[in-house]
Every structure is written in C-alpha cells, then in structure tokens.
1. Looking at segment 6-31 only, could you name the residues that are in contact with a strand residue (DSSP E or B) (Cβ under 9 Å, 6 or more places away or on another chain), outside any strand (DSSP E or B) and within 19 Å of residue 43 (Cβ to Cβ)?
2. Test residue 35 against the stated conditions and say whether it is touching a strand residue (DSSP E or B) at 6+ places or on another chain (Cβ under 9 Å), closer than 22 Å to residue 5 by Cβ, surrounded by 10 or more Cβ atoms within 10 Å (Cβ to Cβ) and touching a residue at least 24 places away in the same chain (Cβ under 8 Å).
C-alpha cells in the first residue's frame, strides 16, 4: 500500500504524519530517519486497527468523488 505523508522540518529534525490515519505520526533527526519511522508507525497503526476489528463485520464500499 502507499500512503501520503506530510513531512515538516523542525528545529529538532523532521516531523512526519500520515493524514489518512489520524494520530499516526513520527519523527527523526534526518528526513530519511523520519520516513523510515513513519513506515513503522503506519504498520503498527494498521496492526492495531486489525485487532480492533476482529469481532466486527467489515465491508468494502466504493465511493465516487
């Protein structure tokens, strides 16, 4: 899967978030480190999402925009 991320340079390095996954963010001292860290954060976020949906009926819907 591919996700768009928002990367911002800060005084401490880089901050990065994934707008499609609310609350999913990370940071790093370099751009490369921040991008590696957000990949880990996205994987962990999706793992938790899967655990929370174990007893739910899940459907896929198509939405035209």
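Throughout, read-outs are computed from the coordinates displayed, never taken from laboratory work. Not measured: the values here are computed from a predicted model. Here the Cβ is made from the backbone with ideal geometry for all residues, glycine too, and neighbour counts use every protein chain on show.
1. Scanning segment 6-31 gives 18, 19, 23, 24.
2. Taking the combined requirement at face value, the residue satisfies it.
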